[in-house]
Amino acid sequence: MAHPSQLGFQDAASPVMEELLHFHDHALMIVFLISTLVLYIIVAMVSTKLTNKYILDSQEIEIIWTVLPAIILILIALPSLRILYLMDELNSPLLTIKAVGHQWYWSYEYTDYEDLGFDAYMIPTQDLTPGQFRLLEADHRMVIPVESPIRVLVSADDVLHSWSVPALGVKMDAVPGRLNQTAFIASRPGVFYGQCSEICGANHSFMPIVVEAVPLEHFENWSSRMLEDA
C-alpha cells in the first residue's frame, strides 16, 4: 500500500514485481553515475580556464565516449528484455479470471466455475468503515489463492480501461472487442489495491481494483460460499 510522500515503489508482492524493482535500482544507479560525471564535467569547464590538447583533439577519447555509451545501453537493455519476456510468460495457470471494465466499475468472471461472477463497485466515502481506504475499497474483492499462477483476461464493455495493480507488477489495457491476457503469482497473502489507469471518463478515479490473496483452503471456502449465494 502506497503512503504519502513515498519516494519508491510499493513493496513487491509477486516475483515479477521483485524483478522490476531490481531493474529499477540497476538503471537508477547507472543514471546517477552518468549524471554525476556530466555535472563534474560542466563544473570543471565553467570553473577553470585550463585546457588540454589531448582532450580537445584525441581519437582515443572519441573512441571511449562512443563505445562506453553503447556498453551502458547494452547493460540496460539486456535485463529489460529479460523482464519483458518474464512478464509474458504463462505456464499452466491454476485459475483464470476475466476482468471486464465498465463505466465505471469492474466485473469479474471466474471462468473455471460455472456461475461464479460479480461486479465490483467503489464503496462511497460515507459508507466506509474504520481502517478502509477512501476511493480504493470495493464492495467485492477479487479473491485469489496465494503462490498460484493466475491468468487474468482483460477486456472492456464500452471505452478503454486499464486493469492495474502496482504491488503485483500488473498493468493491462482493457480494449472493447479485444481480449488481452496477463499473469501473475501472489507470493504472500494480503490485500493489494489498484485503479483504472486509463482516462475513461468522468468517474475514471472511482473504479478501484482490490485483489485479496489468501491460502488455497480459504479460497476454496470463499468460492463455495459464493456459489451457494449465486
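The values are calculated or read from the model by the stated rules, or taken from the named source; none is laboratory data. If you're wondering where the values come from, they're calculated on a predicted model, not measured in any experiment. Positions of Cβ are backbone-derived with ideal geometry, glycine not excepted, and every protein chain shown enters the neighbour counts. Just the protein is used for accessible areas: all its heavy atoms, side chains included, with ligands, DNA and RNA removed. Shrake-Rupley method; radii C 1.70, N 1.55, O 1.52, S 1.80 Å.
Before moving on, here are some points about what is shown:
- Once exposed loop trypsin sites (Lys or Arg not before Pro) are cut out (DSSP; at most 11 other Cβ, 10 Å), longest piece of the chain: 50-133
- Rg ratio for the stretch 95-229: its Cα radius of gyration over 2.2 N^0.38 Å, N being its residue count, equals 0.99.
- Electrostatic bookkeeping for A174 treats Lys and Arg as +1 and Asp and Glu as -1; over the other residues with beta carbon under 11 Å from its beta carbon, the sum is -1.
- C-alpha long axis of helix 59-88 to longest principal axis of the chain, angle in °: 10 degrees
- The calculated FRET efficiency for the pair D127 and I72, based on their C-beta separation and a Förster distance of 45 Å, comes to about 0.30.
- Charged neighbours of Y110, selected by a Cβ distance under 14 Å, balance to -4 (K, R count +1; D, E count -1).
- 20 °C / 1.002 mPa s Stokes-Einstein diffusion coefficient of the stretch 26-131, Kirkwood radius on C-alpha pairs, µm²/s: 104 µm²/s
- In terms of overall dimensions, the C-alpha atoms belonging to the chain reach 83, 41, 34 Å along their principal axes, ordered largest to smallest.
- Annotation: D139 carries an accessible surface of approximately 80 Å², with a 1.4 Å probe and no ligand, DNA or RNA atoms counted.
- Two-decimal Rg/Rh across the stretch 75-149, once Rg and the Kirkwood Rh are taken from alpha-carbon atoms: 1.11
- Cα centroid separation, the stretch 152-230 to the stretch 64-101: 22 Å.
- Averaged per residue, the chain has 63 square angstrom of accessible surface, using a 1.4 angstrom probe with ligands and nucleic acids left out.
- Using the alpha carbons alone, the radius of gyration of the stretch 15-88 stands to its Kirkwood radius in an Rg to Rh ratio of 1.16.
- Charge context of P145, other residues only, Cβ under 11 angstrom, K/R +1, D/E -1: -4
- Carbon and sulfur %, accessible surface of the chain computed with the full protein complex present, 1.4 Å: 60 percent
- About the centre of its Cα atoms, the chain shows a dipole size close to 1040 debye [charges on the beta carbon of Lys, Arg (+1) and Asp, Glu (-1) only; nearest 20 debye].
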